[in-house]
Structures are given as structure tokens and as C-alpha cells.
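These notes concern the structure reproduced below.
Just so you know, all these numbers are worked out from the coordinates, no wet-lab data involved. Fair warning: this is a prediction, and the values are worked out from it, not measured in the lab. Methodologically, a virtual Cβ is constructed for each residue, glycine included, from the backbone with ideal geometry; neighbour enumeration extends over all protein chains shown.
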Amino acid sequence: MSEPLLQVAGLSTQFHTQAGVVKAVSDVSFSLERGQILGLVGESGSGKSVTGFSLLGLVDPPGRIAEGSIRFDGQELVGMPQPDLRALRGKRIAMVFQDPMMTLNPVLSVGTQMTLAVRAHDKVSKQMARDRAVEALTRVGIPDAGHRLDAYPHQFSGGMRQRVAIAIAMIHSPDIIIADEPTTALDVSIQAQILHEMRELAKDSGTALIWISHDLATVSSLAERLLVMYAGTIVEEGPTARVLRNPRHPYTRGLLDSLPATAPPGQNLQQIPGSMPSLLALPPGCAFAPRCSFASEVCNGDVPYLVTGPSAFRCHHPIGEAK
Ligand SMILES: Nc1ncnc2c1ncn2[C@@H]1O[C@H](COP(=O)(O)OP(=O)(O)OP(=O)(O)O)[C@@H](O)[C@H]1O
Ligand SMILES: [Mg+2]
């Protein structure tokens, strides 16, 4: 069998701070095929963005990849020199950052930035680059895109800035787009349009997507597979429909029960009690144990190993059905 487009194995990323070592990502493994859409979900602070940064070699000191391997199209990205990573970034692997101003430069017009983005990797004329910019902005629903090119980021609304960042990520039809909460600031109709365009890109250009969000409902409508992250670890992974229908990890169940759509009208939403432990001092066993109604002594002592099957999970007391 041929190698997947992206294969992440045993990835751990840590920040060495004065307060101690923040274990932001611990032993994360997954693979991504060409054109596949993967959803990465989990509560705030679970390590989703740091996972995305790690894939692009964008973790700066005091952070570093402590362990693991990231193989992309036959090349190892961990330890790859920065100039080689820069050549891949934007062209073959693009990221839509949670904060669009991480992509956008406030002192350059949107058109200038977009033509620079095109010409960083493709030697085309300025006019051709502008045409591609207009096309990309139109795709993400910016009306009258030709006239908006001369505007500066501060002249766009927050949601429009986010769409510009999405357009820039799409401009080279990269092999992978890592989209970090890309539609959180958008209203539902624009969100639907972006999801549609992303699906088209996956289908037409074979672009694979890693869609990061705390919003399980949006991710589920787009992703074929779900990765559920908790306290830096993937606690469950499987085909989306399967994970939604038959979650095996109590944390996944908790996320599902807290969705507004699952609560009867007028009834309070269920919440997962407690909060995520500090990544500076993770409990010795399962990090979810202190919040889990199924936890027993073994959960507080031993880190659960990965159980593989139709969906994979890390839990001593899985719920649901094994088949
Ligand atoms: N530069 C840094 N220095 C120290 N700790 C950091 C740094 N960057 C991230 N972290 C820590 O890594 C952990 C994971 O953060 P991350 O941003 O990946 O969470 P997230 O799942 O993306 O959350 P959110 O949904 O709020 O965006 C957090 O505890 C965060 O405080
Ligand atoms: Mg984040």
C-alpha cells in the first residue's frame, strides 16, 4: 500500500516555561489521505492549534517538538531546515490561522498581499496574480472583489478578514489546508458557502483538510473522520458517522451531550463537570478521569493505551458497542 499523504506518529510538543513544562501535545498519531477531510475537535486549550503549528514547523521557543515524526509526501518534516519548510508552506501545506491577522499584514493592501502570496511560489505576471486574487476572493464570497483589492485589512470586517485568509490559503490549491477555527466569526450563510468551497477544493484539487474546531456540529457536517482531542492527546478517532452514533470515550459522549441540537427544547444543556487539568501537571493516569463518571482506581493510576478497531480510543472503561 502506498504511504498516506501525511503520517503523524507519536508527536509531542512542549513549552519549557518558567512555571514548568507545558505538555501541549502528547503522543499524537494520525494519518491523512489525499483529498480527505479530517476534523480535529476538543475543548479550549486541548492542543488543537499547537498540533497545527507543529505540522508546519511553526512552534517557536520556548516550544519545541520533543518527539515524533511528521511524514509528508515521503519527506520528514521534523528537523527539516526552515528554508525547506518555507518552500512547502503556503504552496503545499497552508494554514488558516485562528487569528486572521497572523496571515495578514496591516500595512499592505489586501491585493498587494495576495499577489505577493501568489508570486512567492508561482512566477506569474502581476496582472495574472491579481486575477487569481480576485477569483479566490470571489470564491469565499467577498462581493465586488476587484474593487476590494486596494483596501487594507482594517477596512474589512473581522469575518471578511477571515475570508481573505481562507482565500490566501486556497490560492495555490495546496495538498493540505490546516484550517484553525476558520468559520467561528462568520454568519451561518457565509459559513455554509465556505464549507461548500472547501468541499469543492477537496474534490477538484485533491486538497486534504484538517479542520480544527471546538464546534462539533460544524466539523461533523464536513469531516469524514474525527479526531477528538483532550489535554493534548487524541482520545478517540474514527469515521465521523460512527463516532457520532457510537462514541466509545466518555469525553466524546460528553461533547455530544452538550450540543444544543441534542437537548429537548426548554431543557438545560448537559455540561461536562469540572475543567481540563493543567498541562503543566497532568494527573498520572487518564487525564479525563477526574471529570469522568465511569472512572475507577485504574484510571487514576495508568494511562490508558490505545484500543484500535472501527474507531480507536484510549479508555479503560469504554462505553458504547465494540462492533
Ligand atoms: N507559546 C506558548 N507558551 C506556553 N504555553 C503555550 C504556548 N502556546 C500554547 N501553549 C499552551 O498549549 C496548550 C494548548 O494550546 P492550544 O492553543 O493548542 O489550544 P487549542 O486547543 O487550540 O485551544 P482553543 O480552542 O482555545 O484555540 C495551552 O495550555 C496553551 O496555554
Ligand atoms: Mg486554538
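Quick notes on this one:
- Residue ranges of helices (runs of 4 or more DSSP H) in the range 50-150 with at least 3 members touching a helix residue (DSSP H, G or I) at 6+ places or on another chain (Cβ under 7 Å) and aliphatic (A, V, I, L, M): 110-121, 126-139
- Filtered residues of the range 55-102 (kept if more than 16 Å from ligand 1 (Cβ to nearest atom) and on the phi > 0 side of the Ramachandran plot): 73, 74, 79, 90
- The range 181-196, residues that are charged (D, E, K, R) and under 17 Å from the mean Cα position of the chain (by Cα): 181
- Of the strands (runs of 3 or more DSSP E) lying entirely inside the range 154-237, those containing at least 1 residues that are within 16 Å of ligand 2 (Cβ to nearest atom) and of a type in the set (Phe, Trp, Tyr) span 208-213, 225-230.
- Scanning the range 78-135 for residues that are surrounded by 14 or more Cβ atoms within 10 Å (Cβ to Cβ), among the polar types (S, T, N, Q) and in contact with a Ser or Thr (Cβ under 9 Å, 6 or more places away or on another chain) yields 98, 113.
- Residue count, the range 1-49 (criterion: crowded, with 21+ Cβ neighbours inside 10 Å, of a type in the set (D, E, K, R) and part of a strand (DSSP E or B)): 1
- Answer from 258, 278, 296 - the residue that is within 16 Å of ligand 1 (Cβ to nearest atom), over 19 Å from residue 41 (Cβ atoms) and of a type in the set (Ser, Thr, Tyr): 278
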